[in-house]
Each structure stands twice: as structure tokens, then as C-alpha cells.
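Engineer: My questions all concern the structure below.
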């Protein structure tokens, strides 16, 4: 999983992740930090194995680690976080070793990041996987702030299992 470490250790990722942590400090609602990012990755990978989707683990983890990395820009600048995250991912992808992710995999990851917020009929399998795993990772069933949350009730996760 060298590609995941390359993403995590990339200076831009580290900078953006630190800004995200600062922006969410004291936040009573869901946070979008490493616990969430890894929960999304693990749920997606388990689903991938269970459903025989045959998506490489590195692709799933890369998409999960990058899908919310631009979230602080939504808080501070009003930029939709999927767009900010995709832009950050594009820059990081330019610096990755050529053999780590194919051009097609990078393209699919970017599409999944851009599409992870809303279900659509034309979603590809990685987009659907990231969308569903993101929602399943939420612990609305055990959230003290759930009643104050303005997230669409139909998207909230009230089941403690996936």
C-alpha cells in the first residue's frame, strides 16, 4: 500500500489535513478526519470483497482518504468539498510514482470523489461504493448531536452494522 502512504505523506495532503483538523476543532457534528476516512475505506473494501467488485484495495483507500480532504474549504470559503477535494487529489496524483495508480484508476477516483455526495443513476461502481460507504460510516444511531443535525434524515445511518 505504498500509494496510500505516498498520499498521506504528501505535503499538500498533510497541509490540507491539518487545516481540516483545525476547522473541525470543537465541532459537535460528524468530523471528517482519519477515523472517518479509514472507516469509509474499510467499509468500502469489505463491501468490495463481499460483492466481488474486484476493485484494487489501493484504489478504494486512495478514494476514501481523499474524498473529504477539501472539507475545510467548504467551511471557510463555501466551496463544495467534493470539488475542493478533487482539485487537491489531482495535484497529489501528479506527484505519485507512475506505477502506483493507472491513469484510468486516477480518473475513476476523481469521479468518485466528485460524485460521493449524491446518488445518481449514472454512477459507476466506485462512485456508488464511496457514496454508500460514506453514509454507512456515520454513527447517527449513537450521535448526541443527531437531533440538531440538518443532514437529510433519509441519509442518516441508524443501524450499527453495515
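Read-outs throughout are calculated quantities, based only on the coordinates presented, and are distinct from any laboratory measurement. Fair warning: this is a prediction, and the values are worked out from it, not measured in the lab. Note: ideal-geometry Cβ built from the backbone for every residue, glycine included; neighbour counts use all protein chains shown.
Engineer: Apply the a/c threshold of 1.5 to the C-alpha gyration tensor of region 25-101 and tell me whether it is rounded, prolate or oblate.
Structural biologist: Taking the square roots of the gyration eigenvalues as a ≥ b ≥ c, region 25-101 is oblate.
Engineer: Show that you can apply the helix-only estimate: for the chain, add -39,500 (n - 2.57) for every DSSP H stretch of four or more residues, divide by all residues, and state [θ] at 222 nm to the nearest 500.
Structural biologist: Value at 222 nm, helices only: -18000 deg cm²/dmol.
Engineer: Moving on. Can you put 147, 135, 83 in order of Cβ neighbours within 10 angstrom, beginning with the fewest?
Structural biologist: Fewest-to-most Cβ neighbours within 10 Å comes out as 147, 83, 135.
Engineer: Rank-order 49-59, 101-111, 65-75 by packing density, defined as the average count of other C-beta atoms within 10 Å over each peptide's residues, highest first.
Structural biologist: The densest-packed peptide leads the list: 65-75, 101-111, 49-59.
Engineer: Take the alpha carbon gyration tensor of region 3-50, find the square roots of its eigenvalues, order them as a ≥ b ≥ c, and report rounded if a/c is under 1.5; if not, report prolate when a/b exceeds b/c, else oblate.
Structural biologist: oblate
Engineer: Within region 61-80, whose backbone N sits under 19 Å from a point 7 Å along Cα→Cβ of residue 154?
Structural biologist: Zone members listed by number: none at all.
Engineer: If you stretched the chain out fully between residue 75 and residue 51, how much longer would it get, using 0.36 nm times the residue separation minus the C-alpha to C-alpha distance?
Structural biologist: Roughly 5.1 nm would be gained on extension.
Engineer: In addition: Quote the relative contact order of region 1-81 in percent (integer), defining contacts as alpha-carbon pairs under 8 Å separated by 6+ residues.
Structural biologist: After rounding, I find 36 percent.
Engineer: Kindly state, to the nearest 0.05, the FRET efficiency for residue 42 paired with residue 118, given R0 = 25 Å and r defined as their beta-carbon distance.
Structural biologist: The computed FRET efficiency comes out at 0.65.
Engineer: Here is a further query. What whole-number volume per residue, in cubic angstrom, does the convex hull of the C-alpha atoms of the chain give?
Structural biologist: 114 Å³
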